[in-house]
Amino acid sequence: MHWWQTGIIYQIYPRSFQDSNADGVGDLNGVRRRLDYLQSIHVDAIWLSPIFPSPMHDFGYDVADYCDVHPMFGTLEDFDTLLAEAHERGLRVILDLVPNHTSEEHAWFVESRSSRDNPKRDYYIWADPTPGDGPPETRLPNNWQSHFGGDAWTYDPHTGQFYMHQFHRSQPELNYRHPEVLPAMLDNMRFWLDRGVDGFRVDVIWLMMKDEQLRDEPPNPDAGPDARPFDRLRHVHTAGVEGVHDLIRQMRAVLDEYDERMMVGEIYLPIDELVTYYGDGDECHMPFNFRLITMPWDARLIGEYVRDYEAALPADGWPNWVLGNHDQHRIASRVGQAQARVAQMLLLTLRGTPTCYYGDEIGMEDVPIPFEQCMDPAARQQPELFELWGRDPERTPMQWDGSPNAGFTPLGVTPWLPLAADAHERNVAAQDSDPASMLSFYRALTALRRAEPALNRGAYEGVALGVEDVLAYRRVAPGRDGFLMVLNLGGTARTLDLRAAVGGGAASLALSTDPARVGTAAIGEFVLAGNEGIILRLSSTA
């Protein structure tokens, strides 16, 4: 098994993890200061959201230079030091690669927009205004829409054409039909792989190809009357377009030039389409599976999804699971603090690689951000959807201790985003020595997962108990102890007969979300409290 299969990935949003130079923004040296903490919670890899030079119109997802570090975060030397010290602790480092689009300040685009006959003109997607009356800037090439609201085209008066962008207008999209673009991006990957980076999380990997004819996208028949313009279309000409799999195969081939490197792709698609991005074992090592974020928190539905996902995976496809990230509301806010531990137990005991989001291990919640303090360009472009689409609430600074700035930045410095009102109570220092805390539970859970082959690589077996709100499954490995997970996704206590699920062998309590539970009650009449999850060890007879 590979490290990226048995290990836990921990996402760090660098702006919000640890400020080391008192400017209110997190940085690489701040991450380095916290490596011992990361080691203490038994994660195996850290994924850093973009650290490249950028004008920060989308907080680093608008890259101005793929082969350097933004001064806000430090220097290349700082990165090398972080990488070396992470590796000394057995921690892998994954970078966030953004190949779909660049910043308008990237040297390629500066050249591209300088004239129609510049050699790099067609590195990007340009189109003439449609024929007709009216000013050219009003005659859009087609009906494509931006994820961030508004049209996906911006008119450039200097050259008299539109350039295409599915996100912020400062993020022009690369044209991978041009023969020089992909080789240039592969060289960017090699730059970091040669430095020792262990892999990439690839941003919006399924959007990298667009319809060559720039045809209008058809209407979405499932869109409701209040749907935003983007959701009123079916994105058949801007997502999953023919040719994208070939691009991904060539990216994978670069990774395969190195030992033990990996690539996980950001892809929001239904199962049947998602699993095609494994290819024949020659595309993504893992296409991100976000369904636990987007589906209802319902035991029956989750159980059915896990079953269907497991069945849909290709023979060599390795599963993965995610509860939250920098684009999605925090799990503790979505399901409540009462369910937060149950959610982590689910994430860390399903078969496959879990990706954890910084702060979830202490139960951090979304922080309300008033519009006047909003930093997120997607929310600022869609003020009517600010509360629904704003991503600032899940990006707030990590809560390290009970000091006025929660240990993120020194007293007297204003953090780039406001801190949670409960940061003086909900923080690492407060939970570190409390055996009943969320952090102590998380450490026990990750330690158990790391120590037990059945949990970090074993098979998955669904268990049908037929009890409302209860999800149950086993993890088993030949010759090793197995485990039975029983999770109550509701608030009502349930009395369960677990004899068949246990299988007649010896069972003992390995872990509960309730620190007060001790020992194992009668298996035939097991009372599972509301909002409780348990892990029972099933002793091996081998």
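The values are calculated or read from the model by the stated rules, or taken from the named source; none is laboratory data. Note that the structure is predicted; figures quoted are calculated from it, not measured. With ideal geometry, Cβ positions are generated from the backbone for all residues, glycine too; neighbour counts draw on all protein chains shown. With ligands, DNA and RNA removed, areas are computed over all heavy atoms of the protein, side chains included. Shrake-Rupley method; radii C 1.70, N 1.55, O 1.52, S 1.80 Å.
Got a sec? Which residues in region 18-44 would a label at T81 touch, if it sits 7 Å along Cα→Cβ and we count backbone N under 17 Å?
18-23, 26-36
Sum up the charges of everything whose Cβ sits under 11 Å from the Cβ of A152, counting Lys and Arg as +1 and Asp and Glu as -1, but leave A152 out.
Local charge sum for A152: -1.
Per DSSP helix of 4 or more residues, -39500 (n - 2.57); summed, then divided by the residues of the chain. What does that give at 222 nm, rounded to the nearest 500?
-6500 deg cm²/dmol
What is the sum of charges, Lys and Arg at +1 and Asp and Glu at -1, for the other residues whose Cβ falls under 11 Å from the Cβ of Y268?
Neighbourhood net charge equals -2.
With every protein chain left in place, what is the accessible area of R116 in Å² (1.4 Å probe, nearest 10)?
130 Å²
Starting from the Cα-Cα distance between E525 and D259, subtract it from 0.36 nm times their residue separation and give me the gain in nm to one decimal.
90.7 nm
Compute the angle between helix 299-312 and the longest alpha-carbon principal axis of the chain, please, reported from 0 to 90 degrees and rounded to the nearest 10.
Around 70 degrees separate the two axes.
Carbon and sulfur: what percent of region 1-64's accessible surface (1.4 Å probe)?
The nonpolar share, carbon plus sulfur, comes to 42 percent.
Extension gain A227-D117, at 0.36 nm per residue separation less the Cα-Cα distance, in nm?
Result: 35.6 nm gained on full extension.
Suppose R0 equals 30 Å. What FRET efficiency, 1/(1 + (r/R0)^6) with r the Cβ-Cβ distance, do A421 and A516 give to the nearest 0.05?
0.60
When the scattering of the chain is computed by the Debye formula from its Cα atoms alone, each counted once and equally, what is log10 I(q)/I(0) at q = 0.05, 0.06, 0.10 Å⁻¹?
-0.21, -0.31, -0.85
Would you mind pulling out the separation of the Cα centroids of region 348-402 and region 87-144, in Å?
One Cα centre to the other: 28 Å.
Taking the chain as the reference, fit the longest principal axis to its C-alpha atoms, fit the long axis of helix 438-451 to the helix C-alpha atoms, and give the angle between the two in degrees, 0 to 90, nearest 10.
The angle comes out near 90 degrees.
Calculate, in nm to one decimal, what S440 and E180 gain on full extension: separation in residues at 0.36 nm each, minus their alpha carbon distance.
Gain on stretching S440 to E180: 88.5 nm.
Taking the Cβ of Y258 as the centre, find all other residues whose Cβ is under 10 Å away and add up their charges (Lys, Arg: +1; Asp, Glu: -1).
Net charge around Y258: -4.
With each label point set 7 Å from Cα along the Cα-Cβ vector, what nm distance links S433 and S539?
Here the modelled spin labels are 3.8 nm apart.
So if R0 is 22 Å, what FRET efficiency would A127 and D246 give, r being the distance between their Cβ atoms, rounded to the nearest 0.05?
0.40
What's the angle, to the nearest 10 degrees (0 to 90), between helix 76-88's Cα axis and the longest principal axis of the chain?
Roughly 20 degrees, rounded to the nearest 10.
Enter the Cα centre distance for the pair region 467-539 and region 191-207, rounded to the nearest angstrom.
So the two Cα centres are separated by 39 Å.
With just the Cα atoms defining each centre, how far is region 223-278 from region 304-322? Give it in Å.
That distance is 17 Å.
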